[in-house]
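Structure, as structure tokens:
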Amino acid sequence: MPLTIRAIPVLSDNYAWLLRDEATGMTAIVDPGEAPPIEHALEQVGHRLDFILLTHHHQDHIGGTGALRARYHAKVAGPAAEQHHLPPLDIPLHDNDTIAIGQSVGRVIAVPGHTLGHIAYYFDQPPALFCGDTLFSLGCGRLFEGTAEQMFTSLAQLHDLPGRTLVCCGHEYTLANAIFAQHVDPANPDLAARAHDVRALRNKGLPTVPSTLALERATNPFLRAPDAQALASLRRQKDVF
Ligand code: ZN
Ligand code: FE
């Protein structure tokens, strides 16, 4: 049985992701930036939280961890490489480790760039990627700690996951990203169609995520950058756009 996935808006423009393994009822939350909206969502899944999965150490992704752990006795998993900047980890994770939410098994992919220890979680039924601030719909994370070379290698690893993979990212940045993407890739018809859809969704107050990896491969200039130099140039332009 599959994993069901739900985006929970937290703070001003973050998403936490609620995962429920339908075979066992076990649940997990990815990147709880604050606790109250997640506690509210957990009312609908039996007030149960088994795991908290962290992608990186920024406060907008970890702020609710302490309160949720205390209330639900959830186990906290996150990047071992950032554990001195994180709430205490019950399960420190490294590249290629796995973590089971009931019968759903997630694989850890190290994706340095935005931060040096940043990890993503990939589940395969349905294929879903929880990528924090590494890959956004139509964008990528800022290079706060890592280099463009590191981010290029990280995005290259995500690039080849199955096309129908749900891209579950950490922020609702898609509209602003679409404006920049069209600025640097004005003749891309798939991007024009996506930008149109994104405007319609945001006008209705709806989330633009999850996206899919096939859609990002067709439209996301950062994922389409041919090499690290091109990615570095795009990132520099976007930082001041
Ligand atoms: Zn971040
Ligand atoms: Fe963030």
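The values are calculated or read from the model by the stated rules, or taken from the named source; none is laboratory data. Predicted model, so just to flag it, every value in this text is computed and none were measured. Note that we place each Cβ from the backbone using ideal geometry, even for glycine, and neighbour counts take in every protein chain shown. SASA here: full protein model, heavy atoms, side chains in, ligands and nucleic acids out. Shrake-Rupley method; radii C 1.70, N 1.55, O 1.52, S 1.80 Å.
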Over the heavy atoms of R6, what accessible area does a 1.4 Å probe trace out, to the nearest 10 Å²? 100
Using the alpha-carbon atoms, what tilt in degrees (0 to 90, nearest 10) does helix 174-184 show relative to the longest principal axis of the chain? 20
Taking the Cα centre of the chain as origin, sum charge times position over the Cβ atoms of Lys and Arg (+1) and Asp and Glu (-1), and report the length of that vector in debye to the nearest 20. 440
Separation between Cα centres of segment 83-147 and segment 223-241, rounded to whole Å: 22
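How do M1, M151, M26 stack up against each other in accessible area, from largest to smallest, with a 1.4 angstrom probe? Intermediate results must be reported in sequence, preceding the final value.
Values: M1 130, M151 0, M26 45 Å².
In descending accessible area the options line up as M1, M26, M151.
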Give, in nm to one decimal, the length gained when the segment between H84 and S233 is fully stretched (0.36 nm per residue of separation minus the Cα-Cα distance). 50.5 nm
Rounded to the nearest 10 Å², what accessible area does I8 have for a 1.4 Å probe in the complete protein model? 10
Solvent exposure, largest accessible area first (probe 1.4 Å, DNA, RNA and ligands not counted), of H118, H84, H58, H183: H84, H183, H58, H118
For G102, distant residues with modelled amide H under 5 Å away: none
Out of the DSSP beta bridges found with both residues in the chain, what percent are antiparallel (nearest 5)? 70
Highest first, please rank the peptides 222-233, 138-149, 123-134 by the mean number of other Cβ atoms sitting within 10 Å of their residues. 123-134, 138-149, 222-233
Highest-fluctuation residue, D190, D95, D21 considered, GNM on the chain with Cα pairs under 10 Å: D190
Classify segment 3-239: rounded, prolate or oblate, from the alpha-carbon gyration tensor (a ≥ b ≥ c, eigenvalue square roots; a/c under 1.5 rounded; otherwise prolate if a/b is larger than b/c)? prolate
Report the residues of segment 217-241 in range of a label on E149: point 7 Å along Cα→C-beta, backbone N strictly under 12 Å from it. 228-229
Per residue of segment 60-67, what does 6.51 cos²θ - 1.76 cosθ + 1.60 with θ = phi - 60° give for ³J(HN,Hα)? Whole Hz please, x for Gly and Pro, Karplus curve as stated. 5, 10, 10, x, x, 4, x, 5
T98: accessible area at probe 1.4 Å, nearest 10 Å²? 90
Of S12, S211, ordered by accessible area with the largest first and a 1.4 Å probe, the sequence is S12, S211
